[in-house]
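Here the structure comes first, spelled out in structure tokens, and everything after it is commentary.
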Amino acid sequence: MKKRYNNIIIIGCSIPSLYAAIKYIDLGFKVSIVEKKNSYLPINDSGYNNFRIYNDNHKAYINLLKKFQINSQKITDINMDTKLMTIINNVINKSKLIPNNILMTYTFTSLCKQLISEAEINELNSYENIFHGIFNVINAFDCIQIFTYDLNVNTNYYYLSNENIQELIKKMIMYINNKHCKIIYNTEIKSIKYIKRKFILGTNTPFIMTSDILLTTMSRNNLLSFTFWNTEQKILLNSLSVINACIINNMINNLLNIKLTDNEQLDNNIRGVLLSNLHIVYPNFPNKSKYIYICNNGINNILLREKIKKIYNDKFLVCSESFSKNNMFITYSLEYIDQCIHFMPK
């Protein structure tokens with residue numbers, strides 16, 4: 001990639017932000033990360049739980065861990081529910097000839113009603129008290145993707161402890177610092193203007209920042225706080241359903257009759273919790289405001305992400321987890337960043 005733009009600012013400091021910074025640094029760009037908090041997020045924040053687990057299909061995360069020589073533990077005691085797995089596989093097999101754009105118009109529950117027997121539907125309904133209606137919300141295409149690539153008995157799963165993740169963050173930040181790039185804390189972006197091919201960033205400090213390219217990993221809600229979006233752009237940013245992640249935590253609690261009230265308990269019980277009975281893995285504490293974003297039914301999520309990547313202009317790249325393929329697992333946020341960088345103006 002031929003370098004024309006020297007200065008890149010990334011708004012928000014998280015593992016995806018650090019990942020994006022490293023990618024740009026390796027391409028020869030000068031990078032700054034701007035974070036409104038006074039430090040990197042604490043590792044015991046429940047938002048990190050989607051970084052703890054990955055499987056053999058999560059290549060972007062695997063490559064990142066290899067780059068920084070981060071070890072993980074293989075999970076060996078997964079207990080899949082064979083009845084549920086049989087139903088899911090039956091639906092997946094029968095849906096193979098259905099075009100993806102059609103699958104996006106169905107919820108997973110409505111697709112099941114079209115493809116499987118009444119007895120199987122009744123069996124699936126028996127899981128309602130655990131799945132809390134998620135099958136009635138998520139579109140069939142996304143659900144099939146999750147069961148095919150993320151929750152599959154035929155793949156190996158791995159677990160990162162708090163110490164593993166702390167070490168990853170430490171090494172990523174050290175790499176960035178050693179390349180003479182910087183993370184600027186206690187700085188909140190209040191306004192963004194684009195003048196003479198430069199982004200002018202107003203902050204809560206006396207200093208004004210400028211950049212040639214702007215990348216943000218901010219959440220959908222934080223993105224919407226800016227006032228420069230037009231109606232069409234707001235509709236795009238809102239083309240998602242929001243599920244409070246504590247619902248996923250409740251699934252796990254119902255399964256194991258435990259309360260994961262602190263990080264120590266999470267670490268102690270994670271092996272027994274992960275993928276047990278094929279339930280979506282995203283443990284979270286009920287008092288935390290963390291959300292899972294999924295595309296609304298009828299929305300072409302592939303086309304949606306392509307539009308959102310450069311929603312402001314082609315030098316303003318949106319890399320928010322909210323718009324990744326599946327923000328229940330970190331690898332898709334990293335893949336989304338890779339795709340955004342691929343579309344970076346040359």
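Among the candidates Glu306, Glu335, which residue alone is modelled with pLDDT of 85 or more, surrounded by fewer than 20 Cβ atoms within 10 Å (Cβ to Cβ), of a type in the set (D, E, K, R) and touching a helix residue (DSSP H, G or I) at 6+ places or on another chain (Cβ under 7 Å)?
Only one candidate passes the filter, namely Glu335.
Name the residue that is surrounded by the fewest Cβ atoms within 10 Å (Cβ to Cβ), counting only residues in segment 137-160 that are β-branched (Val, Ile, Thr) and assigned to a helix (DSSP H, G or I).
This residue is Thr148.
If we scan segment 255-267, do we find a residue that is modelled with pLDDT of 50 or more, surrounded by 17 or more Cβ atoms within 10 Å (Cβ to Cβ) and part of a helix (DSSP H, G or I)?
no
Hey, Met80 hits all of (1) loosely packed, with under 14 Cβ neighbours inside 10 Å; (2) in a loop (DSSP other than H, G, I, E, B); (3) modelled with pLDDT under 90 but one; which does it fall short on?
Of everything listed in (1) loosely packed, with under 14 Cβ neighbours inside 10 Å; (2) in a loop (DSSP other than H, G, I, E, B); (3) modelled with pLDDT under 90, Met80 misses just condition (1).
Scan segment 290-319 for residues that are under 14 Å from Asn50 (Cβ atoms) and either of a type in the set (Phe, Trp, Tyr) or assigned to a loop (DSSP other than H, G, I, E, B) (or both) and jot them down.
Lys290, Tyr291, Tyr293
Given Asn238, Asn230, Asn186, which one is without any contact (Cβ under 8 Å) to a residue 12 or more places away in the chain and of a type in the set (S, T, N, Q)?
The conditions single out Asn230.
So which of Leu115, Leu103, Leu124 is without any contact (Cβ under 8 Å) to a residue 60 or more places away in the chain and under 26 Å from the mean Cα position of the chain (by Cα)? Break it down into steps so the answer makes sense when it comes.
Numbers: Leu115 fails: under 26 Å from the mean Cα position of the chain (by Cα); Leu124 fails: under 26 Å from the mean Cα position of the chain (by Cα).
One residue alone meets the criteria, Leu103.
Is one or more of the residues making up segment 215-238 at pLDDT 90 or above, touching a Lys or Arg at 6+ places or on another chain (Cβ under 7 Å), in a helix (DSSP H, G or I) and crowded, with 16+ Cβ neighbours inside 10 Å?
yes
Which condition breaks for Asn177 when tested against (1) within 22 Å of the chain's Cα centre (by Cα); (2) assigned to a helix (DSSP H, G or I)?
Failing condition for Asn177: (1).
Any idea which of Ser46, Ser32 is closer than 30 Å to Phe316 by Cβ and either acidic (Asp, Glu) or at pLDDT 90 or above (or both)?
On inspection, the qualifying residue turns out to be Ser32.
Any idea which of (1) in a loop (DSSP other than H, G, I, E, B); (2) modelled with pLDDT of 90 or more; (3) out of contact with any Asp or Glu (no Cβ under 9 Å at 6 or more places or on another chain) is the one Asn57 doesn't satisfy?
It is condition (3) that Asn57 fails.
The values are calculated or read from the model by the stated rules, or taken from the named source; none is laboratory data. All figures in this text were calculated on a predicted structure; none of them were measured in a lab. All Cβ positions, glycine included, derive from the backbone under ideal geometry; neighbour counts span all protein chains shown.
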